[in-house]
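Each remark here refers to the structure printed beneath this line.
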């Protein structure tokens with residue numbers, strides 16, 4: 001193990017300790033990270049020198065390093081950019097280096113992926129201008145999309161965007177002058193739950209998130225799991241009905257074919273006039289019997305998939321986002337009945353089911369989480385505190 | 001990160017490099033591990049001093065440390081013990097510290113788990129005596145059983161042994177004077193595939209192994225995954241038929257309820273006189289039509305579960321052991337048809353399906369692999385080269 005890796009590892013832990021505990025003292029940092037005092041001091045000094053960290057030490061005593069001084073990540077130095085590609089649109093979020101969103105911007109998604117780089121370059125430029133920050137401050141860009149993303153090169157398959165075998169990494173490299181991290185949107189959503197959400201203390205959880213399709217994200221032993229080639233975590237395509245409904249992925253009987261938004265809307269429209277997810281949820285709130293029946297069925301399908309997940313992963317938590325989180329209040333009873341019937345008791349007892357706050361928020365932060373993860377990742381290449 | 005942890009980490013990698021490459025030179029070790037020359041030399045010297053490593057350096061030149069000297073783990077110093085608990089019997093294996101089996105011993109499993117410690121103590125004593133080695137040489141004992149094992153304390157649920165909530169760790173601690181590692185037998189089988197089998201170069205694979213029941217083992221990002229509380233990896237209990245056959249786990253429609261040995265035998269016995277797995281496989285070899293039909297059905301059930309596994313994990317390989325490996329030649333065609341129909345193309349293309357050699361061998365080595373894993377684990381407690 002190379003000394004520079006060890007230093008990077010310590011710097012990363014100190015960064016995240018600062019992020020999660022603004023105002024922490026040096027003593028607090030040594031307690032939290034297990035690093036010794038001199039390591040903490042050296043890394044804080046390096047972070048201060050590049051403007052990532054500020055403290056009240058200098059102003060109060062004239063010399064930095066007072067033991068009880070309070071340290072925090074700077075909101076004024078360094079930017080992370082998150083780009084969420086969705087059906088027909090993209091959202092771009094500028095955030096400070098601790099991941100706090102500063103400004104969100106939405107615009108149409110170009111139909112031709114080749115136009116993405118130019119569109120993004122202009123949008124990021126305009127966004128930085130709007131918040132009066134320099135593009136030089138950008139430390140990392142996270143890009144998420146609904147589909148499969150190969151870990152090595154950013155080759156993406158996103159049927160709902162009508163993008164196939166698109167090498168996004170390569171498209172952007174020439175035009176964007178910052179490290180770019182690309183991933184499936186639900187992997188990123190799971191990372192956001194870990195960094196900003198309800199799962200900060202959990203080492204093992206999975207996320208099911210959905211809209212047009214149903215995605216999954218897996219977080220195991222304290223880190224995201226992406227599979228041998230980046231395609232792992234497709235929890236929405238667990239089979240729940242043999243020879244069942246055709247799914248967007250081409251197979252039959254996937255969970256996604258039953259509880260993704262289009263499937264639910266199509267089923268609801270057989271008996272009621274609902275045009276979109278908002279109207280669908282409103283009908284359930286109003287107690288419309290066909291919708292309540294539909295969501296009870298959804299609970300049975302969801303419960304079957306959740307029981308496989310409990311038996312396979314023994315997770316601390318399963319986080320439900322998007323449409324799955326929205327229907328959960330109406331699907332929970334039947335889902336829990338299936339779970340009690342089908343999952344093993346020992347792991348089931350240890351599994352919480354949570355509804356994501358983050359996925360319901362106005363500003364999407366999955367891609368920001370991906371940028372933050374990439375920015376603080378241990379690649380063994382970066383110098384000391386990056 | 002503490003310096004002693006770094007030293008332990010390097011020692012572990014050098015140990016495994018020696019294990020996988022007997023006769024390797026110092027130069028080879030620096031190349032393989034990335035450690036610098038002085039680190040390699042210091043750790044080799046420490047290993048030699050405790051008798052773990054031998055080389056041809058001293059005998060040929062009178063001084064150790066000649067650059068082209070060949071190093072290997074010693075077969076004469078240090079022992080690992082593997083204990084396989086099965087239905088009505090246990091197998092105990094003594095192995096050298098590189099995991100090579102020296103002698104195997106079988107005896108009945110005590111019906112009362114409280115008797116296990118005494119039985120094991122006697123058996124291990126007699127086994128060491130038989131191979132003329134001292135019990136003081138035992139570095140680690142691995143114990144595997146068919147059931148759920150809680151990671152923290154060794155609390156086990158093994159229905160086929162009729163053991164429930166049995167704190168095996170605690171039972172043994174008083175009577176056995178070596179570190180004891182306890183795990184589910186298929187988790188250990190996956191570790192054996194990594195250490196001794198076909199998966200030494202793979203970072204992501206899963207194992208399905210079965211006899212009386214069907215177990216799973218998961219190996220992700222280069223290490224075993226055991227779940228939040230040790231219950232993870234129950235791949236045999238993926239649901240393949242809604243409201244299907246009752247399984248030993250209490251649920252309905254699990255893969256195990258269709259292709260574990262008792263299920264296959266019961267189904268076969270409806271049309272043919274077969275008394276055990278050997279006769280069942282023999283009948284398939286002889287081309288008995290009802291057995292070939294049965295195994296084609298098994299392939300369909302297996303293929304459904306495998307498609308979930310491919311979509312969820314995107315593994316490099318799925319290893320089939322025990323009864324699943326035995327029926328694979330007759331189940332492969334239908335299983336692959338289901339896979340093509342139900343799994344996503346991108347991850348499926350990257351998944352090999354392998355039949356385990358190890359699980360078919362006379363001497364079980366899963367528990368030895370568990371002992372070796374425990375012995376070389378990074379617990380941050382051990383001194384330099386342990």
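The values are calculated or read from the model by the stated rules, or taken from the named source; none is laboratory data. Note that this is a predicted model, so its numbers are computed, not measured. All Cβ positions, even for glycine, are placed from backbone atoms using ideal geometry, and neighbour counts span all protein chains on display.
Please go through the stretch B:15-24 and pick out each residue that is farther than 20 Å from residue B:191 by Cβ and surrounded by 17 or more Cβ atoms within 10 Å (Cβ to Cβ). Full working, then the answer.
Quick first cut of the stretch B:15-24, residues farther than 20 Å from residue B:191 by Cβ only: B:22-24.
Answer for the stretch B:15-24, where residues must be farther than 20 Å from residue B:191 by Cβ and surrounded by 17 or more Cβ atoms within 10 Å (Cβ to Cβ): just B:24.
Against the conditions (1) over 19 Å from residue B:148 (Cα atoms); (2) buried (at least 24 other Cβ atoms within 10 Å of the Cβ); (3) away from every other protein chain (no Cβ under 12 Å), where does residue B:267 fall short? Just the number, please.
Result: residue B:267 fails condition (2) only.
Of all residues in the stretch B:66-105, which are within 24 Å of residue B:162 (Cβ to Cβ), modelled with pLDDT under 95 and surrounded by fewer than 21 Cβ atoms within 10 Å (Cβ to Cβ)?
Once the filter is applied, which keeps residues that are within 24 Å of residue B:162 (Cβ to Cβ), modelled with pLDDT under 95 and surrounded by fewer than 21 Cβ atoms within 10 Å (Cβ to Cβ), the stretch B:66-105 yields B:86, B:87, B:88, B:89, B:105.
I'd like the full set of residues that are crowded, with 23+ Cβ neighbours inside 10 Å and closer than 23 Å to residue A:265 by Cα, limited to the stretch A:321-362.
Result: A:321, A:322, A:323, A:324, A:326, A:327, A:331, A:335, A:356, A:359.
Pairs, please: C-beta under 7 Å, at least 6 apart or cross-chain, first residue within 11 Å of residue A:71 (Cβ to Cβ) and in the stretch A:31-45, second at pLDDT 90 or above and outside any helix (DSSP H, G or I)?
A:44/A:53; A:44/A:71
Please state which one of B:182, B:238, B:259 is more than 10 Å from every other protein chain (Cβ to nearest Cβ), at pLDDT 95 or above and crowded, with 24+ Cβ neighbours inside 10 Å.
Among B:182, B:238, B:259, only B:259 is more than 10 Å from every other protein chain (Cβ to nearest Cβ), at pLDDT 95 or above and crowded, with 24+ Cβ neighbours inside 10 Å.
Within the stretch B:243-277, which residues are without any contact (Cβ under 8 Å) to a residue 60 or more places away in the chain and touching a strand residue (DSSP E or B) at 6+ places or on another chain (Cβ under 8 Å)?
B:243, B:244, B:245, B:246, B:247, B:251, B:252, B:253, B:254, B:255, B:256, B:257, listed by residue number.
Taking residue B:355, is it touching a strand residue (DSSP E or B) at 6+ places or on another chain (Cβ under 7 Å), more than 11 Å from chain A (Cβ to nearest Cβ) and free of Cβ contacts under 8 Å to residues at least 40 places away in the same chain?
yes
Yes or no: residue B:206 surrounded by 24 or more Cβ atoms within 10 Å (Cβ to Cβ) and at pLDDT below 90?
no
In the stretch A:199-214, which residues are touching a strand residue (DSSP E or B) at 6+ places or on another chain (Cβ under 6 Å) and farther than 16 Å from residue A:355 by Cβ?
Keep residues of the stretch A:199-214 that are touching a strand residue (DSSP E or B) at 6+ places or on another chain (Cβ under 6 Å), which gives A:199, A:202, A:204-209.
Correct list: A:204 only.
Could you say which residue among A:138, A:176, A:168, A:143 is closer than 22 Å to residue A:227 by Cα, away from chain B (no Cβ under 14 Å) and surrounded by fewer than 24 Cβ atoms within 10 Å (Cβ to Cβ)?
A:168
Of the residues B:284, B:369, which is in contact with a helix residue (DSSP H, G or I) (Cβ under 8 Å, 6 or more places away or on another chain) and in the same structural domain as residue B:178 (by TED's automatic domain parsing)?
None of the other options fit; the residue is B:369.
Can you tell me which of B:288, B:343, B:360 is away from every other protein chain (no Cβ under 14 Å) and out of contact with any strand residue (DSSP E or B) (no Cβ under 9 Å at 6 or more places or on another chain)?
Of B:288, B:343, B:360, the one residue that is away from every other protein chain (no Cβ under 14 Å) and out of contact with any strand residue (DSSP E or B) (no Cβ under 9 Å at 6 or more places or on another chain) is B:288.
Return yes when residue B:221 is at positive phi, in contact with a strand residue (DSSP E or B) (Cβ under 7 Å, 6 or more places away or on another chain) and facing chain A (nearest Cβ under 7 Å) and no when it is not.
yes
Go through the stretch B:9-43 and report how many residues are at the interface with chain A (Cβ under 10 Å from one of its Cβ atoms) and in a helix (DSSP H, G or I).
So the answer is 5.
Test residue A:305 against the stated conditions and say whether it is in contact (Cβ under 8 Å) with a residue 60 or more places away in the chain, within 23 Å of residue B:216 (Cα to Cα) and in contact with a helix residue (DSSP H, G or I) (Cβ under 8 Å, 6 or more places away or on another chain).
It is true that residue A:305 is in contact (Cβ under 8 Å) with a residue 60 or more places away in the chain, within 23 Å of residue B:216 (Cα to Cα) and in contact with a helix residue (DSSP H, G or I) (Cβ under 8 Å, 6 or more places away or on another chain).
Just checking: which of the strands (runs of 3 or more DSSP E) contained wholly in the stretch A:108-202 hold 1 or more residues that are without any contact (Cβ under 8 Å) to a residue 12 or more places away in the chain?
Details: elements: A:138-145, A:155-158, A:163-167, A:180-184.
Qualifying strands (runs of 3 or more DSSP E): A:155-158, A:163-167.
So is residue B:212 more than 12 Å from the chain's Cα centre (by Cα), surrounded by fewer than 20 Cβ atoms within 10 Å (Cβ to Cβ) and not assigned by TED's automatic domain parsing to the domain that holds residue B:90 or not?
yes
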